[in-house]
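Shown next, in structure tokens, is the structure this report addresses.
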Amino acid sequence: MSDATQATAATTRTRVDTTPVDTTRVDTTRVDTAPVVALRAATGDDLPRILALLADARLPHDGVAELVARRAADMVVVDDPGAPGALVATGALEIAGRDALVRSVAVAAPWRGRGVGDAIVRRLLRDAADHALDACWLLTTTAAPFFARRGFAITTRDAVPAALAATVEFTSACPASATVMVRPVAAPARGDA
């Protein structure tokens, strides 16, 4: 690879901060050739924008308000660097026992395919590791290939721990036909440096 090609490749890779979890932390990530975006813990003030982003992505919002009220630091958002007050992405961990549900991962349409979703998932997996959790689980009707590329494997509802199976995502928000996926937390995220 030529020096010019290496320089171009180096400037277009997604970089994710690997510092320990701090609820006040803001991770900065350069996404493709877009401006640097900031990943940060959600606050109660973000709730209306999170719900709008989920609605635009046609994802269930059941339980999101309760999650933000109870553990806002477990929900991550990405601010739009060009539009103060707007969000371009969100995702959350819903912790139950030694496992977590990765939920509400949504990226605004103009930002899809630019590494923002990947940055959200990496942050959630790192947060799960910092909480010393065993595994992350999720339900999806449309994004199984996206999550498979990040180390998640398809499994059955019967394999889901009881505490997660009792969450609103499993009991009512997602259809029974949704694909169930799991990823051990200890496994390094694919592509992590």
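The values are calculated or read from the model by the stated rules, or taken from the named source; none is laboratory data. Being a predicted model, the structure only gives us computed values, none of them experimental. With ideal geometry, Cβ positions are generated from the backbone for all residues, glycine too; neighbour counts draw on all protein chains shown. Ligands, DNA and RNA are stripped out before the accessible areas are found, and what is left, the full protein with its side chains, is counted by its heavy atoms. Shrake-Rupley method; radii C 1.70, N 1.55, O 1.52, S 1.80 Å.
Residues of the stretch 121-151 that are of a type in the set (D, E, K, R) and in a helix (DSSP H, G or I): ARG122, ARG123, ARG126, ASP127, ASP130. In summary, strands (runs of 3 or more DSSP E) completely within the stretch 63-120 and bearing 1 or more residues that are touching an Asp or Glu at 6+ places or on another chain (Cβ under 8 Å) and either open to solvent by 40 Å² or more (accessible area, probe 1.4 Å) or farther than 12 Å from ASP46 by Cβ (or both) occur at 87-96, 99-107.
Just one of the numbered conditions (1) part of a helix (DSSP H, G or I); (2) touching a residue at least 40 places away in the same chain (Cβ under 8 Å) is not true of ASP158: (2). Can LEU93 be described as at pLDDT 90 or above and either more than 8 Å from the chain's Cα centre (by Cα) or not aromatic (Phe, Trp, Tyr) (or both)? Here the answer is yes, as LEU93 does meet what is asked. The set of residues in the stretch 46-62 that are open to solvent by 30 Å² or more (accessible area, probe 1.4 Å), of a type outside the set (A, V, I, L, M, F, W, C) and either farther than 18 Å from ALA143 by Cα or under 15 Å from the mean Cα position of the chain (by Cα) (or both) comprises PRO48, ARG49, PRO60, HIS61, ASP62. Of the set (1) farther than 22 Å from ASP127 by Cα; (2) modelled with pLDDT under 85; (3) open to solvent by less than 60 Å² (accessible area, probe 1.4 Å), all apply to GLN6 but (3).
The single residue among THR156, THR140 that is of a type outside the set (Lys, Arg) and open to solvent by 20 Å² or more (accessible area, probe 1.4 Å) turns out to be THR156.
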